[in-house]
Amino acid sequence: MKVINSGAKTILQLEGNINLDETEALELKLDKLLSEKKTKVVVDLTGVRHFSSSALGILVAYKKAMQENGGDIKLVVNSDELMQLFKVTMLSKVFEISDSRKDALARF
C-alpha cells in the first residue's frame, strides 16, 4: 500500500490481492489517517486483482467515520470485474466511484 499526500487529500494506492493481511493493513492505515484528521481519502484500486469481503466492510465502516469527521472516501476503479463486485454488493450506490485519480480528487 502506497500513501500519497495531495494537499488536504490523501491517496491510498492498493495493489494485488487484498486478502486478510492486506485488509488489516488497510484498516490500520485508515485508522491512522482518521486520528490525524486526514479525512478526505481517495482509495485507488486500479492495481487490485481481488478485493475481499472483509476489505469491503472496512471501507464502508471508515467511509462513515470519515463523513462524521467532515471528510469522505472516494474510490478509483477501472476494472470491470471489480466494478461488478461493487454493483452486486450495492456499494456502487454508497461510494462515489471514478475511473481516474484526477476525477476522484476533483469530487471533494
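Every number here is computed from the coordinates shown, using simple stated rules; none is lab data. What you see is a predicted model, and the numbers here were worked out from it, not measured in a lab. FYI the Cβ positions are ideal-geometry reconstructions off the backbone, even for glycines, and counts take in every protein chain you see.
Once you order the gyration tensor axes a ≥ b ≥ c over the Cα atoms, which shape class does the stretch 1-57 get: rounded for a/c under 1.5, otherwise prolate or oblate by comparing a/b with b/c?
Details: a/c = 2.46, a/b = 1.51, b/c = 1.63.
It is oblate, given that a/c is not under 1.5 and a/b is not larger than b/c.
Extent of the stretch 8-108 along each principal axis, from alpha carbon coordinates, in Å, largest to smallest?
If we take the Cα atoms of the stretch 8-108, the spans are 32, 29, 21 Å.
DSSP beta bridges in the chain, what fraction antiparallel, as a percent rounded to 5? Could you put the intermediate results ahead of the total?
Values: 5 of 20 bridges.
So the antiparallel bridges in the chain amount to around 25 percent.
Connecting C-alpha atoms closer than 10 Å in a GNM of the chain, tell me which of 88, 77, 42 has the biggest fluctuation.
88
Enter the Cα centre distance for the pair the stretch 1-66 and the stretch 67-108, rounded to the nearest angstrom.
12
Under 17 Å Cα-Cα from residue 9, which aspartates and glutamates qualify once same-chain neighbours fewer than 8 residues away are excluded?
Qualifying aspartates and glutamates at Cα under 17 Å: 31, 36, 44, 68, 72, 96, 103.
Among 67, 83, 28, pick out the residue whose Cα is farthest towards the positive end of the charge dipole of the chain, where Lys and Arg carry +1 and Asp and Glu carry -1 on C-beta, about the Cα centre.
67
Could you tell me which helices of the chain pass both thresholds, a Cα extent of 15 Å or more along their own axis and a mean Kyte-Doolittle hydropathy of at least -0.5, with helices taken as whole DSSP H runs? Show your work: numbers first, answer last.
Details: long enough: 20-35 (22 Å, -0.14); 53-68 (23 Å, 0.34).
Both cut-offs are met by 20-35, 53-68.
Report the residue, chosen from 81, 15, 96, that carries the largest GNM mean-square fluctuation when the chain is represented by alpha-carbon nodes joined by springs under 10 Å.
Maximum among the listed residues: 81.
Run the numbers for residue 106 and residue 49: contour at 0.36 nm per residue of separation, minus the present Cα-Cα distance, in nm. Show your work: numbers first, answer last.
Details: separation 57, 0.36 × 57 = 20.52 nm, distance 2.52 nm.
Contour length minus Cα-Cα distance gives 18.0 nm.
Just tell me which lysines come within less than 17 Å, Cα to Cα, of residue 93; anything on the same chain fewer than 8 places away is out.
Output for residue 93: 63, 64, 74.
State to the nearest 20 debye the size of the charge dipole of the chain about its Cα centre, where the only charges are +1 on K and R beta carbons and -1 on D and E beta carbons.
Here the size comes out at about 420 debye.
Taking H placed 1.01 Å from N in the peptide plane, check which residues at least 5 places from residue 96 or on another chain put their amide H under 5 Å from its amide H.
Answer set, sorted by chain and number: 75.
Just from its helices, what would the mean residue ellipticity at 222 nm be for the chain, if runs of 4 or more DSSP H residues each count -39500 (n - 2.57) and the sum is divided by every residue, rounded to the nearest 500 deg cm²/dmol? It would help to have the intermediate numbers written out before the result.
Working: 4 runs with 47 residues, N = 108.
After summing the helix terms and dividing by residue count, I get -13500 deg cm²/dmol.
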